[in-house]
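All remarks here apply to the structure that follows.
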Amino acid sequence: MKDVMGIINDTTSEESLKGITYNRSLAAVPTGGRYRLIDFILSNMVNSGIRNVGVLTQNNYGSLMDHVRTGYEWDLVRKKDGLYILPPKYNNLGMQGGDIQYYYNHLDYIQSSSQNYVVISGNNLVFNLDLRKIVEKHKESKADITILYKEMENISDNHRYTMLDINQEGRITDMAVNTKRHKGNKTSMELYVMEKEILLDLIDGCISRGYCDLVKDGFIKNIDKYKLYGYRYDGYLEKIDSIQSYYKHNMDLLNTNIWNELFFQSGLVHTKVKDEPPAKYMEHSTVKNAMVANGCVIEGSVENSILFRGVKVHKGAVIKNCIIMQKSEIKEGAFIENVIIDKEVCITAGKRLKGEISYPIVIEKKAII
Amino acid sequence: MSRKECIAMLLAGGQGSRLGILTKKLAKPAVPFGGKYRIIDFTLSNCSNSGIDTVGVLTQYQPLVLNSYIGIGSHWNLDRKNGGVTVLPPYVRDKGGEWYKGTANAVYQNIDFIDQYNPEYVLVVSGDHIYKMDYSLMMDYHKEKNADVTIAVIEVPWEETFRFGIMNTNEECAIEEFEEKPVNAKNNLASMGVYIFNWEKLRSYLIEDENDFESSHDFGKNIIPKMLHDQQKMFAYPFKGYWKDVGTLDSLWEANMDLLSDNPELNLYDNKWKVYSVNPTQPPQYIAPEAVISKALVNEGCQVFGEVKNSMLFPGVYVGEGSVIEDSVIMPNVKIGKNVYIKKAIIAEETLLEDCCQIGQKDNTGLTVIAEKMKIPQGVLIKSNSVISLENYQEFGCETRLANNEEE
């Protein structure tokens, strides 16, 4: 994997995550009690032996930078290679939308990296996979581009994904982005392996023709010119593109099979260390079916919930089916059910908040209720 | 190397022999404590939080775990271009070499290391103690008193004075007399093993002490009494707060239990004074629907399906369904099967407890200790007060998880 570099594309955003992405990019969305979304793909890359990772950013990348800093926690502080944050530039191409401009603005970084292969990934898919397998398969099959995909059981939400048509040899014959009427079940996991030269060709091809999107213009318009192959993934996958999927994914982690698969199976998930003390359960606390991060102090009752680092649950407070982010405080006797609480929120004594499982309430960062 | 006003010498070479089986393969400073720490984390964090950025760590006994744990000090924010952490084992010189013969000799053998930084002051601390202390305040006091030596002291109960080195002081806190473990103490101010010396002075005393063949080369036994005798300016710095030397298995258990109370004297939850440690890269803990947890400290990577009462789980501990853990300290990566009962025990790292075994007895207040990497087979009962180690595990019907060639 010495010959493979990684690029994480954090230039896309999801409107439907509302308040959660108001102050941060998608890759920086907190999840799973102590992580941000980028931790999963970044750890996948590092655990697979990739030592050079560039992160393409758009707006709001302050939280992301604060989180990854120099890449120390991912062992990416290297004399040669390591972690590169690739900030956006003034839109000199006059392009509306699309991601090609971001790649184009950092052509220098891509060209001057010594690796011949590149793994490109999106910013909001959560899975744990040893990428060596897909890179090996890519080289073996002599494909130009290999795309990681999963066969979904529920095809009613195909519009959330890019759908692939794959023939018996494994070659991708057609792709459709966010299609509402596609009947297949093979969804792209927005992770692509190719030679760097091909990426450079694609970028050049798009820019010189006024095209703006790597997948729609680069891949789909060249589907006959390049050999695109699929690589099937069968493990746990969640795409975080709405409040509902965010909520579902976090609740999924209360399933011990998923907990074990996602956090241990193919490698450990690295994240920024906060040196929080152990979680403390006071004498009269009751905690059932919960994922609790270090630094929490629990005196009240917690059920079916995720508590991030440093959450305080005071006496008599009741928490059901909630996601409570870092350093939030639930005061005496408060009752909250089906609520997503952002960082550093305070729910004062005796307050009651209740959302619906299918439509949880979101409380924005630093709110006092 | 540029000059430093003050550097720290951290004594971490002790065996802590009274901790018995826990320190068989581990120096005392590396013994796990407080749910996610090792004992040395407290002193290293004190240095870091007090603004001391140059720390020499003197190691000798079983240093492997300690060496890899300390690394280049980055976990305590002590990886620095100039200074930082340096691990200092004894080494061979042109005229041969020898082990550290005592605490003072350990520092003596590293005079060259200290001289590299040409410091005004040297802080000598021990890696065996659990406390949070701002050394910079002690340094201010040392300068204010214009002292040659300042020794941190803490009030201990009068009935326990016989266990400590007691400082007899005058009203200005000047030390007039030092008594090691006195039978009839005149004062109850015990030395905490935290010293600030003017380096030039200490340097000459260390050299003098080295040439004294009757000396046991110890700070408490030799250097301090000699300096007192010579009427150097020595002051006691009264420290208020939690300080503990967890010298024995019982006191280690007790100090861990102290942390479970509602407002323990040692506050680990102060964001302004974090205790740093090496992070194990584990997910948040999972508490199952059938689990019962009360009065407990639990860490990352734990999975709890059973009952945990008045106990502490270090990272990566698994507690199976129907198991009950009471009044116990369970160290990292211990796996506990189903329907296991544990009462008042310390279970060291990576031990495996199979289904239905029992450690300790319900109405017995004796402490049971199980060494690292043991395997307690299904249904085995280990009575209270037992200590199970590599030497005797077969007598108890237990097995070891170590590969054969690791056994001694």
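The values are calculated or read from the model by the stated rules, or taken from the named source; none is laboratory data. None of these values were measured; they are calculated from a predicted model. Reconstructed Cβ throughout: ideal geometry from the backbone, glycine too, with neighbour counts over all protein chains shown. What goes into the accessible areas is simple: the full protein's heavy atoms, side chains included, and nothing from ligands, DNA or RNA. Shrake-Rupley method; radii C 1.70, N 1.55, O 1.52, S 1.80 Å.
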| said: Pairs please, first residue from the range B:187-205 and assigned to a loop (DSSP other than H, G, I, E, B), second anywhere and open to solvent by 10 Å² or more (accessible area, probe 1.4 Å) and not aliphatic (A, V, I, L, M), Cβ atoms under 8 Å, 6+ apart in sequence or on different chains. | reply: B:187/B:168; B:187/B:169; B:188/B:155; B:188/B:157; B:188/B:158
| message | Any residue that is open to solvent by 20 Å² or more (accessible area, probe 1.4 Å), out of contact with any strand residue (DSSP E or B) (no Cβ under 8 Å at 6 or more places or on another chain) and within 7 Å of chain B (Cβ to nearest Cβ) - is there at least one of those in the range A:274-292? | response | yes
| said: Any residue that is within 14 Å of chain A (Cβ to nearest Cβ) and either among the small types (Gly, Ala, Ser) or touching a residue at least 60 places away in the same chain (Cβ under 8 Å) (or both) - is there at least one of those in the range B:238-258? | reply: yes
| query | What number of residues within the range B:149-171 are free of Cβ contacts under 8 Å to residues at least 12 places away in the same chain and either surrounded by 17 or more Cβ atoms within 10 Å (Cβ to Cβ) or under 28 Å from residue B:136 (Cβ atoms) (or both)? | reply | 2
| request: Considering only the range B:192-222, state which residues are open to solvent by 20 Å² or more (accessible area, probe 1.4 Å) and among the polar types (S, T, N, Q). | output: B:198, B:204, B:211, B:216, B:222
| Tally time: how many residues in the range A:101-145 are of a type outside the set (Val, Ile, Thr) and assigned to a helix (DSSP H, G or I)? | 18
| task | Provide a single number: the residues in the range A:190-224 that are crowded, with 21+ Cβ neighbours inside 10 Å and in a strand (DSSP E or B). | result | 5
| message | Out of everything in the range B:33-51 that is part of a loop (DSSP other than H, G, I, E, B) and out of contact with any Asp or Glu (no Cβ under 7 Å at 6 or more places or on another chain), what residue ends up being farthest from the other protein chains (Cβ to nearest Cβ)? | response | B:51
| field | Hits in the range A:256-277 - residues which are acidic (Asp, Glu) and without any contact (Cβ under 8 Å) to a residue 40 or more places away in the chain | value | A:275, A:276
| Residue list for the range A:227-254, filter: assigned to a strand (DSSP E or B) and under 27 Å from residue A:171 (Cβ atoms) | A:228, A:229, A:230, A:231, A:232, A:239
| Restricting to the range B:242-264, what's the tally of residues that are in a loop (DSSP other than H, G, I, E, B) and under 17 Å from the mean Cα position of the chain (by Cα)? | 5
| query | Within the range B:72-89, can you find the residues that are within 14 Å of chain A (Cβ to nearest Cβ), touching a strand residue (DSSP E or B) at 6+ places or on another chain (Cβ under 8 Å) and open to solvent by 20 Å² or more (accessible area, probe 1.4 Å)? | reply | B:72, B:79
| said: Out of everything in the range B:259-308 that is of a type in the set (Phe, Trp, Tyr) and farther than 25 Å from residue A:321 by Cα, what residue ends up being farthest from the other protein chains (Cβ to nearest Cβ)? | reply: B:273
| Of all residues in the range B:309-324 being of a type outside the set (Ser, Thr, Tyr) and either at the interface with chain A (Cβ under 8 Å from one of its Cβ atoms) or in contact with a Leu (Cβ under 8 Å, 6 or more places away or on another chain) (or both), which is surrounded by the fewest Cβ atoms within 10 Å (Cβ to Cβ)? | B:310
| How many residues, within the range A:173-216, are of a type outside the set (D, E, K, R), touching an Asp or Glu at 6+ places or on another chain (Cβ under 7 Å) and within 24 Å of residue A:97 (Cβ to Cβ)? | 5
| query | Is there any pair with a first residue in the range B:331-347 that is open to solvent by 30 Å² or more (accessible area, probe 1.4 Å) and a second that is of a type in the set (Phe, Trp, Tyr) whose Cβ atoms are under 6 Å apart and which are 6 or more apart or on different chains, and what are they? | reply | B:335/B:318
| query | When only residues in the range A:293-304 that are under 27 Å from residue B:276 (Cβ atoms) and within 23 Å of the chain's Cα centre (by Cα) count, which is surrounded by the most Cβ atoms within 10 Å (Cβ to Cβ)? | reply | A:294
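Just to be sure I understand, how many residues within the range A:263-273 are part of a loop (DSSP other than H, G, I, E, B) and either in contact with a Leu (Cβ under 8 Å, 6 or more places away or on another chain) or more than 7 Å from chain B (Cβ to nearest Cβ) (or both)? Even if it seems obvious, please write down each step before you answer.
Start the filter on the range A:263-273 by keeping residues that are part of a loop (DSSP other than H, G, I, E, B), which leaves A:266-273.
With either in contact with a Leu (Cβ under 8 Å, 6 or more places away or on another chain) or more than 7 Å from chain B (Cβ to nearest Cβ) (or both) added as a condition, the list becomes A:266-267, A:269-272.
Total satisfying the criteria: 6.
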| Just one of the numbered conditions (1) over 24 Å from residue B:25 (Cβ atoms); (2) in contact (Cβ under 8 Å) with a residue 40 or more places away in the chain is not true of residue B:356; which one? | (2)
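Looking only at the range A:47-54, decide whether some residue is over 24 Å from residue A:145 (Cβ atoms), in the same structural domain as residue A:160 (by TED's automatic domain parsing) and touching a Ser or Thr at 6+ places or on another chain (Cβ under 9 Å).
If we filter the range A:47-54 for residues that are over 24 Å from residue A:145 (Cβ atoms), which is where we start, we get none.
No - not one qualifying residue is present in the range A:47-54.
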| message | Can you tell me which condition residue B:296 does not meet? The list is (1) part of a strand (DSSP E or B); (2) over 20 Å from residue A:299 (Cα atoms), and all the others hold. | response | (2)
